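Below is one structure, written out as C-alpha cells; comments come after it.
The values are calculated or read from the model by the stated rules, or taken from the named source; none is laboratory data. Owing to the predicted nature of the structure, the values given are computational and were not obtained by experimental measurement. No Cβ is skipped: glycine too gets one built from the backbone with ideal geometry, and neighbour counts run over all protein chains shown. Accessible surface areas use protein heavy atoms only, side chains included; no ligands, DNA or RNA. Shrake-Rupley method; radii C 1.70, N 1.55, O 1.52, S 1.80 Å.
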Amino acid sequence: MDRLTRIGGAARPWVPLVVMVTLVQAVLALMSRTLPIFGMPLTETGGMPPEAVGQLSSATSFGSMVFFLWGPALLAGVQPLRQLQLGCAAAALAMLACAAGRWEGMLLAAFLIGLGYGPSAPAGSDLLMRIVPRRRRATIFSIKQAGVPLGGLAAGLLLPAVAARFGGVTAALATASGLALATAFALGFWSGTAESPASARGAKPLHDLVLAPVRLLALVLSSPRLRLVTAAGFALGIAQGIVMGFYPVFLSDHAGWSVAAAGAAFALLLGVGVPGRIVMGWLSDRMGEPVRAMAGLCFASGLTMILLTTIGPNSSAAHVGLLSALAGLTVVSWNGVFLTGLAEAAPEGRVGEITAAGTFVLFSGYVVCPLIIQAVFTATEGYTTGLLISGAAPLLAGLALIAGHVRHASKPRA
C-alpha cells in the first residue's frame, strides 16, 4: 500500500501526483529565473544600468512574500492543485508585461511571477502531506524541491538557446510563458483526484484577510518546535542566498575566473543540488526526525561556507569544482527537509498556512541578507568576512536545534 494513499475516502495512486507537483515546481522555478538570465538585454531595453537586474530578483521575491502572507487566507476555498494551476497561469501571463519594453512593466512582470510562484510551497506541501505515506515524506518533499535547481538549470540551458536561434529575448520569454501555460492546462486533468472537503473552506471576510499575516506569524511563534525550525530555515537561507546570489561573481572577481568558467562552476553546483535534495530527504526519512536532519544540514552548510573562503586566485579547477559540488550537496539541498519539518509540526488542517508563514520568513532572508552581506563585502574590500558570517548563522542554528531537541526529548510525556 506504499504506492497508494487514501484521498477522499478512496485508494488512489500518489506517485503520478508527486511527479506532476515536482514538474510544477520546476516550471515555476524556470519562470522565476527567466528575467535575471536576460538581465543585460532587458535592462538595456528598459533604459537601466546592468546592476538594476537586482530589482527584478527583489520584485520576484517580494511577489512571493505577498502571497505567503495573504494567499492562504484569500484562497482558503480553493483546492491545492487549483492554486498551483492559478500560479502557473499568472506567471505565464506576466511575461506579456515585458513585451512593451518598459522597465515598469518588467518590474510588474517580476512581481507577478513571484506571486505565481507563491503557491508552490503552501499548496504543494498541503497536497503532499495528505497523499504521501509518513515514512517517505522527507524524501518526497525533497524530490519536489529538487524541481527548483532543476528548473534553474533548464532555464539556463534552454532559454538562451531559444533566444539565439528563434528571434532573441522575445522568443525565449514566449517559450517560458508557453511552458507555464501548458503546465496549467495539464493540471486541469487532475480535477477531483486530490481534493478534500477539509480544504474546501469558504473565503474569509475582509478583516480576517487584513489580520491573516499577524495570525500566521503568531501561530509560528507560539510553538517552540515551529520557532526552531523556522529560525533554522532562516539561517540556512542566509548561506543559500549568498551562494545563489554571489557565487559566480565571487569566482570571477575574487578568483579571477572567466564568466564562462564561473558559470560552469555554478551550473555544477546547481546540478549537484538536484540529486542532493533527494539524498537529504532520504537521509531525513532514515533518521526518522526532520529536526535532527536539519541540525546536521546546518553544520554541513556552515562548514561549507567556511571552506569556500579557501578559494583564491591560485586555486585549481579541481579544488573549486570539489567545493562547488559540496555546496550543491549541502548549502542548496535542505529545502525539502525544512518544509517537512514545518508541515509535521503544523497543527491539524494548518499545513498550508504554516508552510506559507515559514517560507515567508525564509524569503525575507533572501531579500534582506544579500544586501547586508554585500555591504560587508564592500566594507571589508573582500569576500572572506562575509562568507564567514554567512557560515556562522547556520552553525549557530544547528546548535540551537540540538539544544531544543534535547530539551523536548527530556520532558516527561503525559
Quote to one decimal, in nm, the extra length available between Ala379 and Arg286 on full extension: 0.36 nm per residue of separation minus the C-alpha distance between them. 29.1 nm
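Taking K and R as +1 and D and E as -1, what net charge do the other residues with C-beta under 13 Å from the C-beta of Leu158 add up to? List each step's numbers first, then the result.
Details: positive: Arg33, Arg165; negative: none.
Cβ neighbours under 13 Å give a net charge of +2.
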Once label points are set 7 Å from the Cα along Cα→Cβ at both Ile372 and Arg135, what is their separation, rounded to one decimal in nm? 4.2 nm
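With a 1.4 Å probe and every protein chain kept in, tell me what percent of the accessible surface of the chain is carbon plus sulfur. Write out the running numbers ahead of the final one.
Working: 12060 of 17360 Å².
Its accessible area is 70 percent carbon and sulfur atoms.
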With +1 on each Lys and Arg Cβ and -1 on each Asp and Glu Cβ, and nothing else charged, work out how big the dipole of the chain is about its Cα centre, in Debye to the nearest 20. 1420 debye
Report the full-extension gain for the segment Leu322 to Leu74: residue separation times 0.36 nm, less the Cα-Cα distance, to one decimal in nm. 84.7 nm
To the nearest 0.05, the calculated FRET efficiency linking Asp253 and Leu157 through their beta-carbon distance, R0 being 25 Å, is 0.55
For peptides 15-21, 87-93, sequence by mean Cβ density within 10 Å, most packed first: 87-93, 15-21
